[in-house]
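See below for the structure under consideration.
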Amino acid sequence: MNLLSERILNMATSATLAMAAKARELRGEGKDIIGLSLGEPDFNTPDYIKDAAITAINENYNSYSPVDGYAELKEAIITKFKRDNKLSYTPNQIVVSTGAKQSLANIAGVMLNQGDEVILPCPYWVSYADIVKLFEGTPVEVETSIENDFKMTAQQLEAAITPQTKMIWFSSPCNPSGSIYSEKELRALADVLVKHPNIYVVSDEIYEHINYVGGHASIAQFEDMYDRTITVNGVSKAFAMTGWRIGYIGGPEKIARACNKLQGQITSGANCIAQRAVITALNEPPSRVQYMVDQFKTRRDLILNLLSEIEGFQTNTPEGAFYVFPNVSYYFGKTLRGKTINNASDLSLYLLEEALVATVTGEAFGNPQCIRISYAASTDQIIEAMKRIKEALS
């Protein structure tokens, strides 16, 4: 009898966290590692949000919070959805969780049965597939291309649907590609789903405000998709609050109440001080964090310019988030400094060991041709990292 469950033995380790751990290990050995692997803003949480947390501490918020979140926070989320997404929800349709990752796990836990298929446009966020598999669902990967900005077409969606299809999960802006589905593109996907009324959508919009083209669209905005969409969001990225661990969903009441039930048996309510701070974060206009978005756009343009000077890196122009996802298959089969590069994982490891730059293999995101590079780093770090990569590959 195995000590550990087959469930955990079959689960992959998060590639982003594994690369970050490897980078920390090498730093501990005295090596000057530039970390471009984690999806974490390098800004501090804004002072007006920190001040709200300090006030909550001084007001003695130290007791268990409601499982699905404080009423005041749920009202702030409702206001945010209406203001930013033209979506109307009631408190019973909102669940606050310990990060958007828990929100996703809750959804999978209450909706998936063994063998249910979940369509994942590739590339997808690294944890989607393993969360689906943890709850006995079957990920169905739909390959996209850099030429199409890594976006799934309506024709591809139609072809992927089977009688076992239960859900489709996607992010826009996308981690890892930075791609954004336009309202027109989402409508085309919705037109396919209208013909399959039993399929539900998980729309991960955690990077919503890190958008360089404007006009963020939510698929739940369409009247015929509202009752079949669970919109996932949180404060980690746009507000530089990764460690505060607050995510939330808006969706059909039956699904939200089921998520509340599951969460009540797993973690109960999210951190009480963080929740009070998020009330302030969401009630303020998004323009208060625009300075971060502007800086990310400057860095995006810088890194794309520097990558264009590196032989064999094929890039597109990401419209949001803070990643580039270059196709690096040019190097597959080549030998560099005595090391053979067979795939994206080999190249990512090579760049860590030879260039001392941490990236993430695209295999973890369902695209083995690419690597993910985060530009949530200083301009100086980006310039130095691209210099090192260019030298290591020359």
Only one of (1) among the polar types (S, T, N, Q); (2) within 28 Å of Tyr128 (Cα to Cα); (3) surrounded by fewer than 21 Cβ atoms within 10 Å (Cβ to Cβ) does not apply to Thr361, and that is (3)
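I want to confirm something. Restricting to the stretch 281-302 and keeping residues that are more than 19 Å from Asp51 (Cβ to Cβ) and of a type in the set (A, V, I, L, M), which single residue is surrounded by the fewest Cβ atoms within 10 Å (Cβ to Cβ)?
Within the stretch 281-302, the match that is surrounded by the fewest Cβ atoms within 10 Å (Cβ to Cβ) is Leu302.
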Consider Glu284 carefully, then state whether it is of a type in the set (Asp, Glu), within 30 Å of Pro91 (Cβ to Cβ) and touching a helix residue (DSSP H, G or I) at 6+ places or on another chain (Cβ under 6 Å).
no
Of everything in the stretch 320-350 that's among the hydrophobic types (A, V, I, L, M, F, W, C) and surrounded by fewer than 24 Cβ atoms within 10 Å (Cβ to Cβ), which residue is nearest to Ile303 (Cα to Cα)?
Leu349
Within the stretch 171-210, work out how many residues are within 26 Å of Ile371 (Cβ to Cβ) and more than 19 Å from the chain's Cα centre (by Cα).
1
Apart from one, (1) surrounded by fewer than 17 Cβ atoms within 10 Å (Cβ to Cβ); (2) part of a loop (DSSP other than H, G, I, E, B) all hold for Asn305; the odd one out is (2)
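Per-residue answers, yes or no, for (1) closer than 18 Å to Lys390 by Cβ; (2) not basic (Lys, Arg):
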{"position": "Ala270", "(1), (2)": "no, yes"}
{"position": "Gln275", "(1), (2)": "no, yes"}
{"position": "Arg299", "(1), (2)": "yes, no"}
{"position": "Asn305", "(1), (2)": "yes, yes"}
{"position": "Thr317", "(1), (2)": "no, yes"}
Selection from the stretch 199-233 of residues that are under 30 Å from Arg276 (Cβ atoms), assigned to a strand (DSSP E or B) and β-branched (Val, Ile, Thr):
Val202, Thr229, Ile230, Thr231, Val232
Output for Cβ contacts, cut-off 6 Å, separation at least six or different chains, first residue on the phi < 0 side of the Ramachandran plot in the stretch 307-318, second charged (D, E, K, R) and not in a loop (DSSP other than H, G, I, E, B), reads Ile310/Lys390
Looking only at the stretch 81-100, and only at residues there that are buried (at least 20 other Cβ atoms within 10 Å of the Cβ) and assigned to a helix (DSSP H, G or I), the one that is nearest to the chain's Cα centre (by Cα)
Ala100
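Taking the conditions exactly as written (over 27 Å from Ala270 (Cβ atoms), part of a loop (DSSP other than H, G, I, E, B) and open to solvent by less than 20 Å² (accessible area, probe 1.4 Å)), does Ser236 satisfy them or not?
Working: over 27 Å from Ala270 (Cβ atoms): no; part of a loop (DSSP other than H, G, I, E, B): yes; open to solvent by less than 20 Å² (accessible area, probe 1.4 Å): yes.
No; evaluated as a whole, the condition is false for this residue.
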Pairs needed: first member in the stretch 348-359, in contact (Cβ under 8 Å) with a residue 24 or more places away in the chain; second member anywhere, of a type in the set (Asp, Glu); C-beta distance under 8 Å; at least 6 residues apart or different chains.
Ala355/Glu391; Leu356/Asp32
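Considering each residue of the stretch 239-252, count those that are open to solvent by 20 Å² or more (accessible area, probe 1.4 Å) and touching a Lys or Arg at 6+ places or on another chain (Cβ under 8 Å), and give that number. Before the answer, list the steps.
Residues of the stretch 239-252 that are open to solvent by 20 Å² or more (accessible area, probe 1.4 Å), as a first pass: 242-245, 252.
Still in the running and touching a Lys or Arg at 6+ places or on another chain (Cβ under 8 Å): 252.
Of the residues in the stretch 239-252, 1 are open to solvent by 20 Å² or more (accessible area, probe 1.4 Å) and touching a Lys or Arg at 6+ places or on another chain (Cβ under 8 Å).
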Answer with yes or no whether Val194 is on the phi < 0 side of the Ramachandran plot and surrounded by 17 or more Cβ atoms within 10 Å (Cβ to Cβ).
no
Output the residue which, of all residues in the stretch 132-154 that are open to solvent by 20 Å² or more (accessible area, probe 1.4 Å) and more than 25 Å from Val213 (Cα to Cα), is farthest from the chain's Cα centre (by Cα).
Glu136
Please verify whether Asp68 is surrounded by fewer than 19 Cβ atoms within 10 Å (Cβ to Cβ) and either at pLDDT 95 or above or in a loop (DSSP other than H, G, I, E, B) (or both), treating the condition exactly as stated.
no
Would you pick out the residues in the stretch 244-259 that are touching a residue at least 40 places away in the same chain (Cβ under 8 Å) and part of a helix (DSSP H, G or I)?
Trp244, Glu253, Ile255, Ala256, Arg257, Ala258, Cys259
Tally the residues that are touching a helix residue (DSSP H, G or I) at 6+ places or on another chain (Cβ under 7 Å) and within 18 Å of Glu25 (Cα to Cα), restricting the search to the stretch 351-371.
9
Using the structure shown, decide if Ile199 is farther than 27 Å from Thr16 by Cβ and open to solvent by less than 20 Å² (accessible area, probe 1.4 Å).
yes
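The values are calculated or read from the model by the stated rules, or taken from the named source; none is laboratory data. Computed from a prediction, not measured in an experiment: that's the story for all the values here. Positions of Cβ are generated from backbone atoms using ideal geometry, with glycine treated the same way; all protein chains shown enter the neighbour counts. These area figures cover heavy atoms from the full protein model, side chains too; ligands, DNA and RNA do not enter into them. Shrake-Rupley method; radii C 1.70, N 1.55, O 1.52, S 1.80 Å.
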